[in-house]
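Beneath this line is the structure, given in structure tokens, with notes to follow.
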């Protein structure tokens with residue numbers, strides 16, 4: 001695997017002469033901060049070092065990305081199939097809201113370069129959108145004691161709820177992800 005010689009500006013350390021042995025050319029390992037995307041960008045921007053020039057590289061000053069996520073909601077547990085329809089619907093709605101409110105911060109934590117996510121949650125069978133919107137990293141990672149449903153609304157996600165489950169989202173509320 002080819003080592004990268006690009007790095008993020010946040011990991012920039014001024015060079016200080018030390019008595020450490022020089023790393024042979026081509027074996028240099030300079031850290032690229034961030035996560036997987038930062039590593040990919042660092043590899044893509046790596047350059048062949050020029051002789052006798054220390055830290056001869058492109059420096060990534062800023063890196064951010066926007067992610068589109070299409071999710072299928074989990075259906076209610078098979079053990080609940082004997083419950084009345086209104087109870088099954090309520091269980092489905094609550095489970096879906098909790099799943100999504102848990103998944104969004106986990107996605108942001110796993111990919112530090114992502115600043116915004118376009119999110120669409122589809123119902124398991126009908127494939128119609130039941131939750132959609134754009135979530136910002138700062139909002140998703142802020143601690144909140146709100147219920148799962150209120151947290152999603154505060155994050156900027158749209159959904160409708162009725163006694164029979166989720167309501168159909170209007171066409172304008174759903175992001176075009178084709």
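Here are the numbers for this structure:
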| item | result |
| --- | --- |
| Region 91-112 - residue that is in contact with a helix residue (DSSP H, G or I) (Cβ under 7 Å, 6 or more places away or on another chain) and buried (at least 20 other Cβ atoms within 10 Å of the Cβ) and, of those, modelled with the lowest pLDDT | 108 |
| Every residue from region 46-64 that is over 25 Å from residue 107 (Cβ atoms), in contact with a strand residue (DSSP E or B) (Cβ under 7 Å, 6 or more places away or on another chain) and part of a loop (DSSP other than H, G, I, E, B) | 57 |
| Restricting region 71-89 to residues that are surrounded by 14 or more Cβ atoms within 10 Å (Cβ to Cβ) and in contact with a strand residue (DSSP E or B) (Cβ under 8 Å, 6 or more places away or on another chain), the residue that is nearest to residue 41 (Cα to Cα) | 71 |
| Which numbered condition residue 38 fails, given (1) assigned by TED's automatic domain parsing to the domain that holds residue 130; (2) touching a strand residue (DSSP E or B) at 6+ places or on another chain (Cβ under 7 Å); (3) in a helix (DSSP H, G or I) | (1) |
| All positions within region 44-67 that are farther than 28 Å from residue 116 by Cβ and either surrounded by 13 or more Cβ atoms within 10 Å (Cβ to Cβ) or in contact (Cβ under 8 Å) with a residue 40 or more places away in the chain (or both) | 47, 49, 55, 56, 57 |
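The values are calculated or read from the model by the stated rules, or taken from the named source; none is laboratory data. Because the structure is predicted, anything quoted here is derived from the model rather than measured. Glycine also receives a Cβ, built like all others from the backbone with ideal geometry; neighbour counts cover every protein chain displayed.
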